[in-house]
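To keep things clear, I will list the structure first and then write my remarks on it.
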Amino acid sequence: MVELAINEDRELSSQEIKELQSEVRRLAEEKNAVILAHYYQRGEVQDVADFVGDSLDLSRKAANTDADIIVFCGVRFMCETAKILSPQKKVLHPNPESGCPMADMISAEQVRKLREKHPDAEFVAYINTTADVKAEIDICVTSANAPKIIKKLEAKKIVFLPDQALGQWVAKQVPDKEFVIWKGFCPPHFEFTAKEVLKLKERYPEAKVAVHPECHPKVIEIADFVGSTSQIINYATTCETDKVIVITEVGLKHTLMKKNPDKEYIFPESMNYCGTVYCCTMKGITLPKLYETLKNEINEVTLPEDIIKRARRPIERMLELS
């Protein structure tokens, strides 16, 4: 039944999902593997993971285990970060085609050219960047710690990349520094409009609005709360209202319902297909792909030793300042 499910291009039955999940867990124990799943993954993938969370937190947790294999259910840069922090471990990616459009909007060569234009600046990169880019910058940040980290930097000029929405949001909180912001963006988050949020507020006037800082500035202006994925989880599950409009990737609803099923979490209906706040590359990872990857130990993520060494420094510096 498990093999049949993998080979057929169709939606799995609940029984087939249970069988595959059982097989994945058996293989993980047999191979001493740790399975990581980002919050934006499919629910059936999240449910079989050892850890579910944000990308950097997952990589750090995996590094602190004695696992020989890391299977990262996320996009490519997340797998690279896991390899950077655990170079001695085998890192597997269930769907190598699952990249991050925003991370791919800037290259190492473009960073080097920016260095020539702004030699007096501190180069800050969102963790959502490739290993090659991390190797060229001074420090990494996450959506949760970016304002705090940048306030601690001595430099008065910051080159922030690659996310313009996050960069603009941080710049407002750190007005004493000059920001040069790269024009990258997360397509699902950034293309969601303020008009759509206002329609939801009209429909649910009593609801609070929680927004990820990768969203367009006009969407952020409407929000009652702006924060990282983990911060949104805490806010949405503990705030005083029974209804929360959540403007981030729809996969987060799975975790929210687990954390507090007594609340209503409202995601725009258009999020149910690849168009708005639905990450198609995240959803490219399926339970059958996870099973096949772990079973055959395929799709290994490799990086040059020099890149690992250089990309690790800005991550470690961030952790020190955190």
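Here, each number is a calculation from the coordinates, and none is a lab measurement. Fair warning: this is a prediction, and the values are worked out from it, not measured in the lab. A quick note on method: Cβ atoms are made from the backbone with ideal geometry, for glycine too, and the neighbour counts reach across all protein chains shown.
Structure data summary
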{"quantity": "The chain, helix-only ellipticity at 222 nm - DSSP H runs n ≥ 4, -39,500 (n - 2.57), divided by all residues, nearest 500", "calculated": "-12500 deg cm²/dmol"}
{"quantity": "Fraction of beta bridges assigned by DSSP in the chain that are antiparallel (%, nearest 5)", "calculated": "5"}
{"quantity": "Sites matching GluC sites (Glu not before Pro) across segment 92-140 that sit in DSSP coil, with at most 14 neighbouring C-beta atoms within 10 Å", "calculated": "Glu97"}
{"quantity": "Per-selection metrics, the chain (Cα): Rg and Dmax in Å", "calculated": "19.8, 61"}
{"quantity": "Sequence of Thr248, Thr193, Thr229, Thr238 once ranked by neighbouring C-beta atoms within 10 Å, starting from the fewest", "calculated": "Thr238, Thr193, Thr229, Thr248"}
{"quantity": "Cβ charges +1 (Lys, Arg) and -1 (Asp, Glu), total dipole of the chain, debye", "calculated": "920"}
{"quantity": "Mean separation of Cα contacts under 8 Å (6+ apart) over length of the chain, as relative contact order %", "calculated": "22"}
{"quantity": "Compactness of segment 1-138, expressed as Rg and Dmax over alpha-carbon positions, Å", "calculated": "17.8, 61"}
{"quantity": "In segment 124-177, the chymotrypsin sites (Phe, Trp or Tyr not before Pro) that fall in loop regions by DSSP, at most 10 other Cβ within 10 Å", "calculated": "none"}
{"quantity": "Of every Cα-Cα pair in segment 146-268, the percent that sits beyond 19 Å", "calculated": "49"}
{"quantity": "Computed over segment 42-96: relative contact order in percent, which uses C-alpha pairs under 8 Å that are six or more apart", "calculated": "33"}
{"quantity": "Relative contact order (%) - criterion: Cα under 8 Å, at least six apart; region: segment 222-322", "calculated": "18"}
